[in-house]
Amino acid sequence: MKLAVVGYGLVRGREPELAYLAENNDVRIIGYYKRSKMHESGITNSKRLQLVYLDVKPVLLVDPFFLFRHEVGCSSWVYFQNLEKHLRDREIIITHELWPFFSYQSTRISKGLNKKVVAIVFENITRNPFFSFIPPYSHNSRYVAKNADLFIAQTRKA
């Protein structure tokens, strides 16, 4: 099966499960290039696992999160550039959380390409007003929740 895992920090700490996933699937991990690259030790030996670093562009003229933190992160108001090109040949798209802009972007593209979307969820959205009621995160959360085909809750509360 051809999978795409879309997110920012999905590799660090997940090396064993990604290596296991890549044993029987063709996995493409899509992230952004940060000062320090996504952690790659222990997973780059697999021929069925590909790491792709994409540039990001602000959703608006400037990313408010970047102005505050001086780095791009999950809360940044950015999209991956050329993401559709890297999702087109995948069967299933896996995204991280409901509220980030990259989750909204990957879900929107996946639905346009008639692909299945899996959302890995750590947050308890109903108890976190930041993601439930404050735009634009609330818009992203509702869109991904409505359009994801499967949810994987990583914690009991999620």
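Computed values, structure above
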read-out	value
Solvent-accessible surface ranking, highest first, for 27, 62, 72 at 1.4 angstrom	62, 72, 27
Cα-derived Rg to Rh of the stretch 62-117, Kirkwood definition	1.03
97, 71, 84, ranked by accessible area, largest first (probe 1.4 Å)	84, 71, 97
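The values are calculated or read from the model by the stated rules, or taken from the named source; none is laboratory data. Every value quoted in this text rests on a predicted model; they were computed, and no experiment measured them. Heavy atoms of the whole protein, side chains included, go into the accessibility calculation; ligands, DNA and RNA do not. Shrake-Rupley method; radii C 1.70, N 1.55, O 1.52, S 1.80 Å.
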